[in-house]
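> Have a look at the structure that comes next, please.
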Amino acid sequence: MSNNGKYRITVESCILLAALIIISCLYTAVISKSSNDVDDSNKDNVVQEEHKKQSNNNKGKKTLFNKADYKAKGFKTYTIVIDAGHGGRDEGARSKNGRYKEKVCNLAIVKKLKLMLDQTDINVKYTRLDDRYVTKRKRVAAANGRKADLFISVHCNATDNVHSKAFGVETLFARRKGDNRYMTNHRLSNIMLESVSKSSSNKARKIIRREDLFVLRHTSMPAVIVETGYMSSKKDMKYLHSERGQYEIADGIYKGIVRSLKEMSRRKGKR
């Protein structure tokens, strides 16, 4: 064979080898793309499956707040004052471990109550909606100055007795000028105790007469202090600090307000 023949064969071999390499690369690329498509498809399926699981997990769970549940109407002529107890430098009671402050729990409940009352036509005034110090005299003035129909002060309870196992809801009232022919302080306290206890599934302890408390003694309309639970009770404190607990307590106060206004309306003959 001539040298030219050898050269031609070598060139043809190189071309064939190059073609095989190109074909191999193209095949590998196609396989890789196919594999990636399968992986992406699997990822999409996993995401869809997770969404499906989350959807299934949410089924049957009670929504903490639904606007449609708080549409009480027919109370445009009524004004109420909602008081979040303590605030600012006045911290109120504390949990046994010192981590939780009453002023924080009171405000959290009142803010959730506001969401509910905002859906109604009731005229509502608040003594505070942030962490500020408000004197008792200013709280009373806020109610008396607006000639409010009801005054509701939200608090948490506590006991210094380390051996006490006290827990549950209490309401406080005073017998004085706030009573009127449409609603008495005792009746308002009874309604609130029943309503909050029912919504929160917490023990209704008792209604307590307290003539020594400034906001009860000096407001000129039916007034009540709602002690929503005991911060000195581990069980109550856990509940008071939870979103569910705060919404359920707020729901009870809301229902107590509506029930009280309905009774007042019936007695006034307005409805």
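> Restricting to Cα pairs below 8 Å that are 6+ residues apart, what does the relative contact order work out to for region 63-131? Please round to a whole percent.
Normalised by residue count, the contact order of region 63-131 is 47 percent.
> I've got another one for you. Quick one: net charge around R89, please, counting Lys, Arg +1 and Asp, Glu -1 for every other residue with C-beta under 12 Å from its C-beta.
Once all neighbours under 12 Å are counted, the net charge is 0.
> Let me ask something else. Give the relative contact order (percent, whole number) for region 68-269; include only Cα pairs under 8 Å separated by 6+ residues.
Over region 68-269, the number comes to 27 percent.
> Further question on the same structure: Once you list every other residue whose beta carbon is under 9 Å from the beta carbon of R128, what net charge do they have if Lys and Arg are +1 and Asp and Glu are -1?
The answer is -1.
> Where Lys and Arg each count +1 and Asp and Glu each count -1, what net charge lies around F167 among other residues with Cβ under 12 Å from its Cβ?
Local charge sum for F167: +3.
> Let me ask something additional. So for region 68-269, considering every pair of alpha-carbon atoms, how many percent are separated by more than 27 Å?
The share of Cα pairs beyond 27 Å in region 68-269 comes to 22 percent.
Bear in mind these aren't lab numbers, they're just calculated from the coordinates by the rules spelled out. Given the structure is predicted, the values throughout are model-derived calculations rather than measurements. Note that each Cβ is placed from the backbone with ideal geometry, even for glycine, and that neighbours are counted across all protein chains shown.
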